[in-house]
Protein chains: 4
Amino acid sequence: MRIAISTGGGDAPGLNAVIRAAVLTAINRGWDVLGIKRGFAGLMGEDEVIPLTKDAVRGIAHLGGTILRTTNRGNPFHYPRLQPDGSIVEEDRSDELLANARQLGIDAVISIGGDGSLTIAKLLCDKGMNVVGVPKTIDNDVSGTITSFGFDTAVNTAIEAIDKLHTTAESHDRVIVMEVMGRDAGFIALYSGLAGTADVILIPEIPYDIAKVCEKIAARDRAGRHFSIVVVAEGAFPKGGTVTLIGESLPGQARRVGGLCEPIAREIQRVTGKETRSLVLGHLQRGGMPTGYDRLLATRFGGAAVRAVAEQKWGHMVALQSPHIVTIPIEEALKQPKRVDPNHDIVRTARELGVSFGD
Amino acid sequence: MRIAISTGGGDAPGLNAVIRAAVLTAINRGWDVLGIKRGFAGLMGEDEVIPLTKDAVRGIAHLGGTILRTTNRGNPFHYPRLQPDGSIVEEDRSDELLANARQLGIDAVISIGGDGSLTIAKLLCDKGMNVVGVPKTIDNDVSGTITSFGFDTAVNTAIEAIDKLHTTAESHDRVIVMEVMGRDAGFIALYSGLAGTADVILIPEIPYDIAKVCEKIAARDRAGRHFSIVVVAEGAFPKGGTVTLIGESLPGQARRVGGLCEPIAREIQRVTGKETRSLVLGHLQRGGMPTGYDRLLATRFGGAAVRAVAEQKWGHMVALQSPHIVTIPIEEALKQPKRVDPNHDIVRTARELGVSFGD
Amino acid sequence: MRIAISTGGGDAPGLNAVIRAAVLTAINRGWDVLGIKRGFAGLMGEDEVIPLTKDAVRGIAHLGGTILRTTNRGNPFHYPRLQPDGSIVEEDRSDELLANARQLGIDAVISIGGDGSLTIAKLLCDKGMNVVGVPKTIDNDVSGTITSFGFDTAVNTAIEAIDKLHTTAESHDRVIVMEVMGRDAGFIALYSGLAGTADVILIPEIPYDIAKVCEKIAARDRAGRHFSIVVVAEGAFPKGGTVTLIGESLPGQARRVGGLCEPIAREIQRVTGKETRSLVLGHLQRGGMPTGYDRLLATRFGGAAVRAVAEQKWGHMVALQSPHIVTIPIEEALKQPKRVDPNHDIVRTARELGVSFGD
Amino acid sequence: MRIAISTGGGDAPGLNAVIRAAVLTAINRGWDVLGIKRGFAGLMGEDEVIPLTKDAVRGIAHLGGTILRTTNRGNPFHYPRLQPDGSIVEEDRSDELLANARQLGIDAVISIGGDGSLTIAKLLCDKGMNVVGVPKTIDNDVSGTITSFGFDTAVNTAIEAIDKLHTTAESHDRVIVMEVMGRDAGFIALYSGLAGTADVILIPEIPYDIAKVCEKIAARDRAGRHFSIVVVAEGAFPKGGTVTLIGESLPGQARRVGGLCEPIAREIQRVTGKETRSLVLGHLQRGGMPTGYDRLLATRFGGAAVRAVAEQKWGHMVALQSPHIVTIPIEEALKQPKRVDPNHDIVRTARELGVSFGD
């Protein structure tokens, strides 16, 4: 039996722990393991396949990043090819990929990735490749699993940042707007904001009115709380407007990281008259050593993925349904992305504590 | 409406976050909140009741310990009284407690505690006091809730310790035996041991044979891995024997913290000939700043407890049944303590990774 | 004997430890201690003076921020006053300040602050106030002291950030430009960059050429090191040009935090063709719990300041001249600000390790 | 030019950063670098010499432990040899060591170690080997250098532990006795105790009376401070007595780690009647990721050691004399070990803050 492991998409703390667990358990079963570098593209004639021995994965469980790198070269079904005239056309190179996998003697692939990689994994599975998925989503936006590795680390990084900003905000009577990851799902903002005792939390799932945000800050000021912390998810656009915020047209610029918190900070300062600063956490959330929670979850995912291969659960992915790791069809997980439920007890508790969502 | 909050038993990171959340949400409902110091004993005429205002709970969410202190003076149903002759007799002072609570105008009590405090809470509830419970168990041994606050922090503290010992063990070709909390439940040892990549994990739920532990270490040595990390729960006694370990009689001494890992270390050194050191983590696991996970969970528990009071769920406790916080009857949670299931996927994954449980 | 303590200027981890140490040692001498809120402005009839008892400073040694707040209302020698027509004129209110201090029975003031606050302290001293200074500079730009509290914490925060970015940069073949504090002095960038194994370090003291930065990154790429970390101090402008960088006019915008690293990142991406991201650490460096080094130094400063008061060292400030705390005239410290010496062994070691300073 | 690097003695965070810096700067000079495993013993025909390339030292600056291992096999001047009858005799194998070094073409050795390794280094230097030393002392007991790498990390680890114990001690009205490293020098206890706000600090340099320790704790109790933290260095024996403490004979047992704090805790409990717990930090202080301070210092030491080789400073070691790295003769550093000066300002500040040294 020979399996291969690939990681795709952005960085997430815990990737190496998944790889280590999968490699050790597979080798302990007497299997052979290959590592495919740079996502599935590593299987397309680019010489990016390496043997994964026990020695190769020693001492990596607590390291951030991934020993397999994760820069995707592209979707094998729509692979970019440079034309002589400089233009780029996309072509379907999936057959070549499958042929290469067969030639390498690969019996099954464990694909660790987010919705993009899992979609490709499912399509390759439909074409006959034996694939098992491991969900990787730092935003926690993949359905069917309570959470995935990396998310707890990102939340803790965000909370530590809020803690640090808190003392300065309080000592200096300032408003600080901090932007965290979450293009479509506001879990990091919600979890870190509530645990970090933010005063305002803005997430994509709850459209907000910037005037209400300012009113909350002004009300705190009047009550003798001269500082405020605002946590905003990168995709949390104000009500009505992907179009205008504060008299500026935003959509283009704001779709990049950090585009949102600066205009929000400026508007708060303009309306409330309070000194307001902004900070974009950015890639700090994706890096570094995974928390204990993520190391454990990643290790369990790695072990469960190998068991899923042994049980020939092709087209399935491992998932946490506490307290158990289960397997579910990849397509079921992809059917609908996970979003914050505005009626969830976390949102309710936050509101009851006095947190404003700007709505 | 006037409620009171009490915390009982040992320290657990997150206690202050529960108190803060309960106080703020209760006051936001227009309620009045009292804090009872030192467990229920604070209600027995000892002048240990303080008002809990918003100011009293500001800035405490991330602090370890509890602003209400937790040294229990004793069980009100079996309260110790010193006799003139120096002996101690126990008496039932629960009626006095209830009378005092009535006199203070307390309509309901939120009792944060482990199985001991929850049992008392249930009995007081049966006598007519309006009580809602919040489970506090750093060992994760209370049923009905996926976990409680403090456990994730303890696991992370243990993992950090393993990480630190790892480099020294490896550089110096040593065996290190580290004892963590867990008198009856081995969750901390299992979680931290697996995430921290320990080589041997010894827990109360899986009786072990010290000879097999030594054999595992010797086998690693022969394979060129000249160091080993053993994580042992404080209540993990070897097979057969609460009676003898390594020719010593243990039960008496070993029942105290740290009693177990030293004789295990000595036996490993004797049998394998390898330099072996021991370390007892002890109270480091109970203190300090809670992790993000625990701060969030504690905050949710505090908010949910106030909602449970509003809904008059007397005799119930809040519990995490991911992804929701629910309420369950306290007696249901106490019926059977939670233990590590030897067939759980975490144990299985650990075994498949090559971890020995000494069985 | 009655003394007063004031803190001025920006936040620095360790402020509370200085205050605690000064208060406890002063009270243990039988003295009385007042706290002046919001810098010296607190002494100008704005009712911002509070008694500092032992209870007031318990448990604050490890907390960031300052219990005395630090938002300066203004320089008492040039105090802003709003005119009826809306314009602002400055007036010298130092006599009023001194009179208020006398009326409060203040025998001496311990002034904790950076060059701005220390300059005011010296001027007040010249007018007859008994002042002892404690240097506070997170940038490490005050002469006469090896370092001050807060700097070690800021360096550690920056290193942790580099560590986190490192794994992502390496996994994704990216260049990451991180901006740290240091408007005029590059110590944070130099120390964190060298300890964090950055590839390029840009500081105000070493004028650089952006083309050489790009060449360094390209050379690494050719050598198979497909990622690079660039650490830039906020005041590190390229050679020739405070005027233009990359065809943009910078001085205005760049003088705000974060103004520098984005254009540098864009230029690197343009020239090298490598995906480049930027991150501004900003206020994360000023907040949070002080490191052990800073807690110890701050505590020593607080104790030494009280001894300096007892010895009537008016117009002096405490300073670290390892391994001792000494006192030096404030004016001596202010004569010349501290800057990175381009010939210092730290710079030399960095160069010999292959770090580029872009020169 | 070919140099070799060896590390000897116990673990210290920062060892890998020294190795990395020395290797990179040496290779950048065009030199060749070998690594000698397991101290000088690696040069005695045991095949423990490996090439140290740039690749071998990538990404290790922040890792604890040492890639060269540090278990010393023995002093080459008194090397143990097992006799046929089972007894052990020591022999001088230094000539063999020198011959092997010559045969390997080693022009100079950088020896990283404590007083033991540095003494051997000096003796080998006297016999003609070109040696430069790098001091390694987690206890900070080597003279001539303000500090060495690893010490700051150990102090921070101890402070974090005190912080964790603090909340539990305070919540539970307990006394906690924590033992830290420091057989002969009390720097870790003094620094961590003062920064961690311990109430009692016991160090080898200040003989103490256990009765005075108890009186301090009782006085705090009477003043309403019902908990106390005692930090004790492992070699801090009470006055009069290496012979008896609390009616027990100690010398034998106490000379091992952890031998001291348990009897001290028992005696405090007996005398004051307060619940008292003990904790031995042990190897947690030697492991893990170095702090920023230690990473920087270790890197500077590594670079400076290579420069010292280039300047043929045989028999010298690098040292921190803030703000510079200098070189001093090894024998000068070894002449007199460094101890806490009981009149140092740190001790004085601690006393003025109310800390008891039990004297």
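Just so you know, all these numbers are worked out from the coordinates, no wet-lab data involved. Note that the structure is predicted; figures quoted are calculated from it, not measured. A quick note on method: Cβ atoms are made from the backbone with ideal geometry, for glycine too, and the neighbour counts reach across all protein chains shown.
Tally Lys/Arg at +1 and Asp/Glu at -1 over every other residue whose Cβ is under 12 Å from the Cβ of C:Leu190; what's the total? Every neighbour counted, the sum reads 0. When DSSP beta bridges are restricted to pairs lying wholly in the range B:75-211, around 45% turn out antiparallel. With a 10 Å cut-off around each Cβ of C:299-307, the average count of Cβ atoms from other chains is 4. Legend: distances between Cα atoms for C:Lys212/D:Lys136; B:Lys37/B:Lys122; A:Lys274/B:Lys54; B:Lys127/B:Lys335; B:Lys164/D:Lys239; A:Lys239/B:Lys54; pairs beyond 30 Å are C:Lys212/D:Lys136; B:Lys164/D:Lys239; A:Lys239/B:Lys54. Scanning chain A for the Cβ atom closest to the axis that brings A onto C yields residue and whole-Å distance A:Val280, 4.
Each Cα pair under 8 Å and six or more residues apart adds its sequence gap; the mean of these over the residue count of chain D is a relative contact order of 22 percent. Computed over chain D with a Gaussian network model linking Cα atoms closer than 10 Å, the most mobile of D:Ser228, D:Ser117, D:Ser171 is D:Ser171.
Residues in the range B:52-64 carry Karplus couplings, in order, of 10, 9, 4, 4, 5, 10, 6, x, 10, 4, 9, 8, x Hz; the curve used is 6.51 cos²θ - 1.76 cosθ + 1.60 with θ = phi - 60°, and Gly or Pro positions show x.
Were the residues from C:Ser322 through C:Glu275 laid out at 0.36 nm apart, the gain over their Cα-Cα distance would be 12.5 nm.
Cβ neighbours within 10 Å, averaged per peptide: list B:189-199, D:88-98 in order, most packed at the top.
Values: B:189-199: 27.5, D:88-98: 14.8.
Taking the mean over residues of other Cβ atoms within 10 Å, the ranking is B:189-199, D:88-98.
Look at the Cα gyration tensor of the range A:320-359: its axes a ≥ b ≥ c give a/c of at least 1.5 with a/b at or below b/c, and that counts as oblate.
Taking Cβ atoms as reference points and 12 Å as the exclusive limit, the residues near A:Pro323 contribute a net charge of 0, counting Lys and Arg as +1 and Asp and Glu as -1. Note on chain C: Kirkwood radius taken over Cα pairs, Stokes-Einstein applied at 25 °C and 0.890 mPa s, translational D equal to 114 µm² s⁻¹. Distances between equivalent label points of D:Arg225 across the copies, with each point positioned 7 Å along Cα→Cβ, amount to 3.3, 4.8, 5.1 nm, shortest listed first. Among beta bridges from DSSP that stay inside the range C:1-61, the antiparallel ones total about 40%.
Placing a label point 7 Å from the Cα of C:Asp126 along the Cα-to-Cβ direction, the distances to the matching points in the other copies come to 6.1, 8.1, 8.1 nm, shortest first.
Assign one of three labels to the protein assembly as shown, namely rounded, prolate or oblate, based on the Cα gyration tensor with a ≥ b ≥ c the square roots of its eigenvalues; rounded applies when a/c is under 1.5, prolate when it is not and a/b is larger than b/c, and oblate otherwise. Because its axes are fairly even, with a/c under 1.5, the protein assembly as shown counts as rounded. Think of chain B as having a plus end and a minus end, set by charges on the Cβ of Lys, Arg, Asp and Glu; of B:Gly74, B:Ala108, B:Val230, B:Ala108 sits farthest toward the positive end of this dipole. Take the Cα of A:Val89, step 7 Å toward its Cβ, do the same at C:Arg266, and the gap between the two points is 3.5 nm. In terms of its C-alpha gyration tensor, the range B:36-167 has a prolate overall shape, because the principal axis ratio a/c (a ≥ b ≥ c, square roots of the eigenvalues) is not below 1.5 and a/b outweighs b/c. Legend: mean number of C-beta atoms from other chains within 10 angstrom of residue C-beta atoms, peptide D:153-165, equals 6.
Once both labels are positioned 7 Å from their Cα atoms along Cα-to-Cβ, the gap between A:Arg102 and B:Arg2 label points is 8.1 nm. Springs between Cα atoms under 10 Å define the GNM used for chain A, and in it the highest mean-square fluctuation of A:His62, A:His78, A:His316 occurs at A:His78. Each of the peptides C:28-39, C:125-136 was scored by the mean count of other Cβ atoms within 10 Å over its residues; in descending order, highest first, they stand as C:125-136, C:28-39.
Projecting the Cα atoms of B:Ala12, B:Tyr293, B:Gln321 onto the dipole axis of chain B, where Lys and Arg carry +1 and Asp and Glu carry -1 at the beta carbon, places B:Tyr293 farthest toward the positive end.
Just from its helices, what would the mean residue ellipticity at 222 nm be for chain A, if runs of 4 or more DSSP H residues each count -39500 (n - 2.57) and the sum is divided by every residue, rounded to the nearest 500 deg cm²/dmol? If you can, show how the numbers build up before the last one.
Working: 11 runs with 130 residues, N = 359.
-11000 deg cm²/dmol, from helical runs alone.
Partner shielding of B:17-25 amounts to 3, given as the average count of beta-carbon atoms from other chains within 10 Å of each residue beta-carbon. Comment: the Cα-to-Cβ extended label point of C:Asp95, at 7 Å, lies 7.8, 9.1, 9.7 nm from its counterparts in the other copies, nearest first. Here chain D is assigned +1 on the Cβ of each Lys and Arg and -1 on the Cβ of each Asp and Glu. Its dipole about the Cα centre then comes out at about 560 debye. Report the net charge of residues surrounding C:Thr7, where surrounding means a beta-carbon distance below 11 angstrom and charges are Lys +1, Arg +1, Asp -1, Glu -1. Net charge in that neighbourhood comes out at +3.
Which percent, nearest 5, of DSSP beta bridges in the protein assembly as shown are antiparallel? Taking every DSSP beta bridge within the protein assembly as shown, about 30 percent pair in antiparallel fashion. A straight line joining the Cα centroids of the range B:126-153 and the range A:1-35 runs 37 Å.
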